[in-house]
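Undergrad: Sharing a structure here in structure tokens format.
The values are calculated or read from the model by the stated rules, or taken from the named source; none is laboratory data. Values in this document were obtained by computation on a predicted structure and should not be read as measured data. Ideal geometry is used to build each Cβ from the backbone, glycine not excepted, and the neighbour counts take in all protein chains shown.
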Amino acid sequence: MALSRPLTPIEEKTATFESPLFLSADRIIDISVELRPDMPVYAQDLPVRFDDTMNMDRGDWVNLTTLHLNTHVGTHFDALHHVLNNGQMMGDYPLTRFIGPARVIDVGQDVYEIGPAHLKPHDIEGVKRLLVKTKASSFWQSHPTTFRQDFPAFTQAGAQYLADAGIELIGIDYLSVELYDVPELPAHKAFMNAGITILEGINLSHVKPGDYTLVALPLKLDALDGTPGRAVLLQ
């Protein structure tokens with residue numbers, strides 16, 4: 001990719017094929033879901049709303065939109081305080097947690113309750129950021145406006161298996177790491193008691209299993225229990 005300006009001396013010393021200066025668009029895979037008013041939200045959550053606050057067609061001097069959404073909509077992160085009520089908010093995570101090597105695994109189209117038996121066949125030794133692809137990735141296309149209660153998610157044993165394996169960030173391709181309507185949220189607690197960052201609501205339908213670089217940055221809402229974010233994989 002050609003730059004429209006000469007490289008600075010520092011860029012000349014540091015630029016390589018792997019650097020952002022030479023990152024072509026075909027190496028970036030967007031795994032975020034679009035925030036929009038008719039998108040699926042978790043049961044009982046308020047829908048996303050966009051208010052047309054100012055509009056130049058009405059004579060206003062700019063176009064301006066006000067967003068109404070909760071902290072756990074679309075592609076988002078759970079802070080520990082979301083479930084543990086321990087005061088640990090989004091700002092307590094180091095940014096290094098959200099950027100770095102990641103592995104994508106596919107547990108298959110027939111799996112609903114993700115337990116150790118579905119995870120053990122995959123090599124996750126030394127993996128710190130793990131993204132799990134399930135049949136739910138297809139829900140973003142097949143049911144773009146309807147919340148599905150039958151999404152795959154982790155059992156407590158599956159979550160504990162990953163915690164024991166040393167995972168630091170777990171990603172799942174629908175709106176929760178927890179099976180729908182499970183009391184006491186045991187999978188969340190297994191992850192969170194181990195200090196694992198939870199990334200929910202990603203779309204892996206167009207991603208093959210393998211190793212990538214994850215860049216998944218939360219909005220700087222440091223004092224909240226979660227936040228939407230933008231997540232991409234670099235290949």
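Undergrad: Please state which of the following conditions Leu221 fails to meet, knowing it meets all the rest: (1) within 10 Å of the chain's Cα centre (by Cα); (2) part of a loop (DSSP other than H, G, I, E, B).
TA: (1)
Undergrad: In the stretch 201-212, what residues are buried (at least 22 other Cβ atoms within 10 Å of the Cβ), among the β-branched types (Val, Ile, Thr) and over 19 Å from Arg97 (Cα atoms)?
TA: Hits for the stretch 201-212: nothing passes.
Undergrad: Got a number for residues in the stretch 73-101 being among the small types (Gly, Ala, Ser) and either closer than 23 Å to Pro47 by Cβ or under 12 Å from the mean Cα position of the chain (by Cα) (or both)?
TA: Of the residues in the stretch 73-101, the ones among the small types (Gly, Ala, Ser) are 74, 79, 87, 91, 100.
Imposing the further condition that a residue be either closer than 23 Å to Pro47 by Cβ or under 12 Å from the mean Cα position of the chain (by Cα) (or both) reduces the set to 74, 79.
Residues in the stretch 73-101 being among the small types (Gly, Ala, Ser) and either closer than 23 Å to Pro47 by Cβ or under 12 Å from the mean Cα position of the chain (by Cα) (or both): 2 in total.
Undergrad: Out of (1) over 16 Å from the mean Cα position of the chain (by Cα); (2) part of a loop (DSSP other than H, G, I, E, B); (3) among the hydrophobic types (A, V, I, L, M, F, W, C), the odd one out for Val41 is which?
TA: The one condition Val41 does not meet is (1).
Undergrad: Restricting the search to the stretch 79-138, which residues are in contact with a Ser or Thr (Cβ under 7 Å, 6 or more places away or on another chain) and among the hydroxyl-bearing types (Ser, Thr, Tyr)?
TA: Tyr93, Ser137, Ser138
Undergrad: Kindly check whether there is at least one residue in the stretch 51-74 that is among the β-branched types (Val, Ile, Thr) and within 22 Å of Tyr212 (Cβ to Cβ).
TA: First, pick out the residues of the stretch 51-74 that are among the β-branched types (Val, Ile, Thr): 53, 62, 65-66, 71, 73.
Cutting the leftovers down to within 22 Å of Tyr212 (Cβ to Cβ) gives us none.
There is no residue in the stretch 51-74 that is among the β-branched types (Val, Ile, Thr) and within 22 Å of Tyr212 (Cβ to Cβ).
Undergrad: OK, next. For Ala102, indicate whether it is part of a strand (DSSP E or B), of a type in the set (Gly, Ala, Ser) and buried (at least 19 other Cβ atoms within 10 Å of the Cβ).
TA: Yes, satisfied.
Undergrad: Follow-up question, since we're still on this one. Criterion first (modelled with pLDDT of 95 or more, assigned to a helix (DSSP H, G or I) and either at negative phi or surrounded by 12 or more Cβ atoms within 10 Å (Cβ to Cβ) (or both)) does His122 satisfy it?
TA: Judged against the criteria, His122 is not a match.
Undergrad: Can you find a residue that is among the hydroxyl-bearing types (Ser, Thr, Tyr) and crowded, with 23+ Cβ neighbours inside 10 Å anywhere in the stretch 178-200? Write out each step before concluding.
TA: Start the filter on the stretch 178-200 by keeping residues that are among the hydroxyl-bearing types (Ser, Thr, Tyr), which leaves 180, 197.
Okay, now just the ones that are also crowded, with 23+ Cβ neighbours inside 10 Å, so 197.
Yes - at least one qualifying residue is present in the stretch 178-200.
Undergrad: I need every pair where a residue in the stretch 67-95 that is touching a residue at least 60 places away in the same chain (Cβ under 8 Å) has its Cβ under 7 Å from the Cβ of a residue that is crowded, with 24+ Cβ neighbours inside 10 Å and in a helix (DSSP H, G or I), sequence separation at least 6 or different chains.
TA: If the second residue must be crowded, with 24+ Cβ neighbours inside 10 Å and in a helix (DSSP H, G or I), the pairs left are Phe77/Met90; Ala79/Met90; Leu80/Met192; Val83/His188; Val83/Met192; Leu84/Met192.
Undergrad: Here's another thing I want to ask about it. Of the numbered conditions (1) part of a loop (DSSP other than H, G, I, E, B); (2) in contact with a strand residue (DSSP E or B) (Cβ under 8 Å, 6 or more places away or on another chain), Arg97 fails exactly one; give the number of that condition.
TA: (1)
Undergrad: Further question: Which residues, counting only those in the stretch 138-147, are more than 14 Å from Gly74 (Cβ to Cβ), outside any loop (DSSP other than H, G, I, E, B) and in contact (Cβ under 8 Å) with a residue 40 or more places away in the chain?
TA: Residues satisfying the conditions are Ser138, Gln141.
Undergrad: Within the stretch 167-176, can one find any residue that is closer than 22 Å to His206 by Cα and among the aromatic types (Phe, Trp, Tyr)? Walk me through it before giving the result.
TA: Step one: of the stretch 167-176, the residues closer than 22 Å to His206 by Cα are 169-176.
Restricting the remaining residues to those that are among the aromatic types (Phe, Trp, Tyr) gives 174.
The answer is yes; a qualifying residue exists.
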